[in-house]
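The values are calculated or read from the model by the stated rules, or taken from the named source; none is laboratory data. Please read these numbers as outputs of a predicted model, since none were measured by experiment. Glycine gets a Cβ as well: all are built from the backbone with ideal geometry, and neighbour counts include every protein chain shown.
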Amino acid sequence: MKGVMRFGKKKKLNPRYVVPYKILKRIGRVASSIVPLESVAVKDSLTYEEVPVEILNRQVRRLRNKEFTLVKVLWMSQSVEGATWEAEATIKSNYPHFFPSDSSPA
């Protein structure tokens, strides 16, 4: 499950790449999403917390004798293409407000 991400985890996300930098030369057109640093709250420990925005899809997977449900989660700092499949039970335990109660008054 996505949760607390650490910038030091991958070389290209080292702290030296997190700070603003001066663009010296434009080499070519690159289609990529740009996330403003203000929208990602980076802590002193160089971590940030991913927050889910919406559940886009749901599917049931079968593995031998077990069935488990996956949900496609759209995260705050990601585009729709960056949405990930997560276990419904994990998302439900961490973010119960995405799953309204099934109990309705009769």
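Tabulated data for the structure shown
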| quantity | calculated |
| --- | --- |
| E38 vs. criteria assigned to a helix (DSSP H, G or I), at pLDDT below 90 and either surrounded by 12 or more Cβ atoms within 10 Å (Cβ to Cβ) or within 15 Å of the chain's Cα centre (by Cα) (or both) | no |
| Scan of the range 59-92 for residues that are more than 16 Å from the chain's Cα centre (by Cα) and not aromatic (F, W, Y), ordered by number | Q59, V60, R61, R62, L63, R64, N65, K66, E67, T69, A89 |
| Close pairs (6 angstrom Cβ cut-off, 6 or more residues apart or separate chains): within 19 Å of I91 (Cβ to Cβ) in the range 42-70, polar (S, T, N, Q) and in a strand (DSSP E or B) anywhere | V60/T69; L70/Q59 |
| Residues (of a type in the set (K, R) and under 16 Å from F98 (Cβ atoms)) located in the range 49-83 | R58, K72 |
| Residue in the range 49-62 that is modelled with pLDDT under 85 and in a strand (DSSP E or B) present | yes |
| Per-region count, the range 44-100, residues exposed (fewer than 11 other Cβ atoms within 10 Å of the Cβ) and at positive phi | 1 |
| Pairs with Cβ under 9 Å, 6+ apart, first in the range 83-106 and in a helix (DSSP H, G or I), second among the small types (G, A, S) and at pLDDT below 90 | N94/G3 |
| Scan of the range 71-92 for residues that are among the hydroxyl-bearing types (S, T, Y) and more than 12 Å from I55 (Cα to Cα), ordered by number | S77, S79, T90 |
